[in-house]
Amino acid sequence: MNNYQGALQKQINSGFNAKSTTEEVINGINLQGKTAIVTGGNTGIGLETVKTLSKAGATVIVPARDIEKAKRNLAGIPNVELEALDLVNPYSINTFAEKFLASERPLHLLINNAGIMWVPLRRDSRGFESQFSVNYLAHFQLTARLWTTLKKANDARIVNVSSGGHQFSDFNFEDPNFLNREYETLLGYGQSKTAVNLFSLELDNRAKEHNVRSYALCPGAVGETELSREAPIDLFQKLGYVDAKGHLLPEVKASLKTIPQGSATTVWCATSPLLNDLGGVYCENVDVALLSPDVSVIGGIKAYSLDEANAKRLWKLSEEMTGISFDLS
């Protein structure tokens, strides 16, 4: 079965919940002999993911744009390899992938975790809007370039970190790069995460015959990450997150997850035996999320993020925009 139109979006009673941590999720999981790549693995929930996978025995490759910062943040974590990668630069993606392919290792886990949010309108060298470029297109390209080594693992998982923010916007096929419409940062973020969901859905349907499964997930609202470093205070005030002085409101602060809680769903998607025969689903709070038809309700996944026609259309558009023919044969 596939998850088109949300056919498989049903909770599976994982035994975990929104407060579960990476330590709980990884308990009893042995990753000795496994190789993982975690983008954005030197800060925030990505760093916690790296620590957890490493502790379970995996060799973890962490690609990073700022190598010196990554060295400091990853110091003391065993089984970690650091490599250069700038996700906004398609040539850098190719260089990173070629170096990994040259090692001739199978890739068991590809965790596309890196992302940006709350940024002003910027464009990459091709003219693509930066959130769409970094959050989605870069990971489409990276996955395509690493496909042969994922298939070689013969039991690989691709975990794409999405967001409940996908409900800010469906994917705008007519103007994904804001060339003819006013730019709003949350619209750009929302459509980039809807793209991640559609990609995860279509990728699983195409990859499962090669014993590769794909997942998208929402980590939840997590405190103490760097995701909001460029966000203006007035935007948070408008959304009702902070007071007039820019201080986080107590009720908002109380609702935030810790970093180990925010990373738990990523680790669960990457390692849980409960998902051995299930893919293409969107997860949150360490379980498969529910399909949420009401766009005004926060939580779950919106139906437009699992639409078969849009998933196939986006795949074709992504190939055209990146110049990559992602043939999974």
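The values are calculated or read from the model by the stated rules, or taken from the named source; none is laboratory data. Model, not experiment: these values are computed from the prediction. Here the Cβ positions follow ideal geometry from the backbone for every residue, glycine too, while neighbour counts run over all protein chains shown.
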Could you identify the single residue in 189, 215 that is in a helix (DSSP H, G or I) and buried (at least 18 other Cβ atoms within 10 Å of the Cβ)? 189
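Name the one entry in 202, 209 that is in a helix (DSSP H, G or I), within 21 Å of residue 312 (Cβ to Cβ), in contact (Cβ under 8 Å) with a residue 12 or more places away in the chain and acidic (Asp, Glu).
None of the other options fit; the residue is 202.
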From 98, 83, grab the single residue that is within 20 Å of the chain's Cα centre (by Cα) and not in a loop (DSSP other than H, G, I, E, B). 83
Report whether or not residue 83 is farther than 21 Å from residue 193 by Cα, surrounded by fewer than 16 Cβ atoms within 10 Å (Cβ to Cβ), touching a Pro at 6+ places or on another chain (Cβ under 8 Å) and among the charged types (D, E, K, R). yes
If you go through the stretch 55-73, how many residues are surrounded by 20 or more Cβ atoms within 10 Å (Cβ to Cβ), over 17 Å from the mean Cα position of the chain (by Cα) and closer than 24 Å to residue 101 by Cβ? 2
Residue check: is residue 184 farther than 30 Å from residue 80 by Cα and in contact with a Gly (Cβ under 7 Å, 6 or more places away or on another chain)? no
Please determine, by comparing only the residues of the stretch 265-315 that are farther than 17 Å from residue 112 by Cβ, of a type in the set (Gly, Ala, Ser) and in contact with an Asp or Glu (Cβ under 9 Å, 6 or more places away or on another chain), which one is surrounded by the fewest Cβ atoms within 10 Å (Cβ to Cβ). 299
So residue 194, is it on the phi < 0 side of the Ramachandran plot, in a helix (DSSP H, G or I) and either touching a Pro at 6+ places or on another chain (Cβ under 7 Å) or surrounded by fewer than 24 Cβ atoms within 10 Å (Cβ to Cβ) (or both): no
Out of (1) within 17 Å of residue 275 (Cα to Cα); (2) crowded, with 24+ Cβ neighbours inside 10 Å, what's the single condition that is false for residue 50? (1)
I'm trying to understand the selection: among the residues of the stretch 46-70, which are closer than 23 Å to residue 269 by Cα, assigned to a helix (DSSP H, G or I) and among the aliphatic types (A, V, I, L, M)? 47, 50, 53
Please go through (1) in a helix (DSSP H, G or I); (2) buried (at least 18 other Cβ atoms within 10 Å of the Cβ) for residue 111 and return the number of the only condition it doesn't satisfy. (1)
Would you check which residues across the stretch 271-304 are of a type in the set (Gly, Ala, Ser) and over 25 Å from residue 37 (Cα atoms) and list them? 292, 296, 299, 300, 303
Just one of 93, 37 is closer than 23 Å to residue 216 by Cβ, buried (at least 23 other Cβ atoms within 10 Å of the Cβ) and in contact with a Pro (Cβ under 8 Å, 6 or more places away or on another chain); which is it? 37
Return the pair list, or none, for Cβ contacts closer than 6 Å from residues in the stretch 272-298 that are acidic (Asp, Glu) to residues that are crowded, with 18+ Cβ neighbours inside 10 Å, at least 6 apart or on different chains. 284/218; 287/14
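Conditions (1) modelled with pLDDT under 95; (2) in a loop (DSSP other than H, G, I, E, B); (3) farther than 23 Å from residue 298 by Cα, marked per residue:
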{"site": "107", "(1), (2), (3)": "no, yes, yes"}
{"site": "121", "(1), (2), (3)": "no, yes, yes"}
{"site": "136", "(1), (2), (3)": "no, no, no"}
{"site": "144", "(1), (2), (3)": "no, no, yes"}
{"site": "171", "(1), (2), (3)": "no, yes, no"}
{"site": "177", "(1), (2), (3)": "no, yes, yes"}
Given (1) without any contact (Cβ under 8 Å) to a residue 60 or more places away in the chain; (2) touching a His at 6+ places or on another chain (Cβ under 8 Å); (3) surrounded by fewer than 19 Cβ atoms within 10 Å (Cβ to Cβ), number of the condition residue 156 does not satisfy: (3)
Count of the stretch 155-169 residues which are farther than 17 Å from residue 202 by Cβ, in contact with a Cys (Cβ under 8 Å, 6 or more places away or on another chain) and not in a loop (DSSP other than H, G, I, E, B): 1
